[in-house]
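The values are calculated or read from the model by the stated rules, or taken from the named source; none is laboratory data. These numbers were taken from a predicted model, which means no experiment stands behind them. Note that we place each Cβ from the backbone using ideal geometry, even for glycine, and neighbour counts take in every protein chain shown. Please note that ligands, DNA and RNA were not included when accessible areas were found on the heavy atoms of the full protein model with its side chains. Shrake-Rupley method; radii C 1.70, N 1.55, O 1.52, S 1.80 Å.
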Amino acid sequence: MDLDRVEALSADLERIAEDRPAMLLMRALAGLFKARVPHYHWVGIYLLEGGELHLGPYAGAPSPHVRIPLGQGICGAAASAARSIIVPDVAADERYLACSLATRSEIVVPILDGAEVLGEIDIDSDQPNAFNEHDQALLERAASLIAGAIRRAPHPPRWEEPEAISA
Ligand code: SME
């Protein structure tokens with residue numbers, strides 16, 4: 001992602017996050033990223049519950065991976081390591097769980113409360129090598145805003161089932 005787009009999105013991100021409850025914020029961000037970044041072809045947010053990642057809001061085609069155990073996939077790897085992972089070529093990564101045959105690259109950014117993993121933002125692109133350090137920094141800021149909203153929530157947010165967001 002180039003810096004002009006990062007700057008434009010950063011301002012919107014902060015404005016959207018202000019005072020928005022956690023579940024509404026996650027829905028809004030899934031829609032924002034899908035609508036505003038052409039190389040983000042699938043955007044989803046998972047929350048960690050009982051050792052499994054549960055898909056909540058997503059924009060793009062429905063995914064077969066609505067529950068992902070910590071030991072599986074790029075998603076499970078990022079949650080286990082509590083670190084962002086960029087996969088420039090999903091075909092070359094044995095951990096990859098396919099969602100769409102068109103996907104060529106992926107970024108997964110954990111939502112962290114200190115060292116604790118609360119969930120993650122997962123984005124797929126149909127372009128190879130679509131994600132750079134600017135995507136990572138922007139998504140880590142988004143994850144931090146989501147973590148803040150989760151900390152402020154009166155009850156821990158949960159997703160009973162995935163929610164398609166139109167963007
Ligand atoms: N590709 C992910 C699975 C989720 S789908 O992309 C929506 C993974 O390898 O964990």
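So here's what we get for this one:
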quantity	calculated
Some residue of segment 115-127 being at pLDDT 95 or above, touching a Ser or Thr at 6+ places or on another chain (Cβ under 7 Å), closer than 23 Å to LEU32 by Cα and surrounded by fewer than 22 Cβ atoms within 10 Å (Cβ to Cβ)	yes
Top-ranked residue in segment 113-127 [being not in a loop (DSSP other than H, G, I, E, B) and not acidic (Asp, Glu); ranked as nearest to the ligand (Cβ to nearest atom)]	ILE123
All positions within segment 1-51 that are modelled with pLDDT of 95 or more, in contact with a strand residue (DSSP E or B) (Cβ under 8 Å, 6 or more places away or on another chain), closer than 19 Å to ARG158 by Cα and open to solvent by 10 Å² or more (accessible area, probe 1.4 Å)	MET23, ARG27, GLY31, LEU48
The lone exception for LEU97 - which of (1) part of a loop (DSSP other than H, G, I, E, B); (2) out of contact with any helix residue (DSSP H, G or I) (no Cβ under 7 Å at 6 or more places or on another chain) it fails	(2)
When residues of segment 52-77 are limited to those that are touching a Pro at 6+ places or on another chain (Cβ under 6 Å) and open to solvent by 30 Å² or more (accessible area, probe 1.4 Å), the one farthest from SER100 (Cα to Cα)	GLU52
Residue count, segment 78-97 (criterion: open to solvent by 50 Å² or more (accessible area, probe 1.4 Å) and either within 7 Å of the ligand (Cβ to nearest atom) or of a type in the set (Ser, Thr, Tyr) (or both))	3
Residue count, segment 41-53 (criterion: assigned to a strand (DSSP E or B) and without any contact (Cβ under 8 Å) to a residue 12 or more places away in the chain)	0
Matching residues in segment 100-112 - criterion: being open to solvent by 50 Å² or more (accessible area, probe 1.4 Å) and part of a strand (DSSP E or B)	LEU112
Residues of segment 54-77 classified as more than 8 Å from the ligand (Cβ to nearest atom), of a type outside the set (Gly, Ala, Ser) and assigned to a strand (DSSP E or B), total	4
Filter result for the condition that a residue is surrounded by 17 or more Cβ atoms within 10 Å (Cβ to Cβ) and part of a loop (DSSP other than H, G, I, E, B), over ALA130, ALA142, ALA147	ALA130
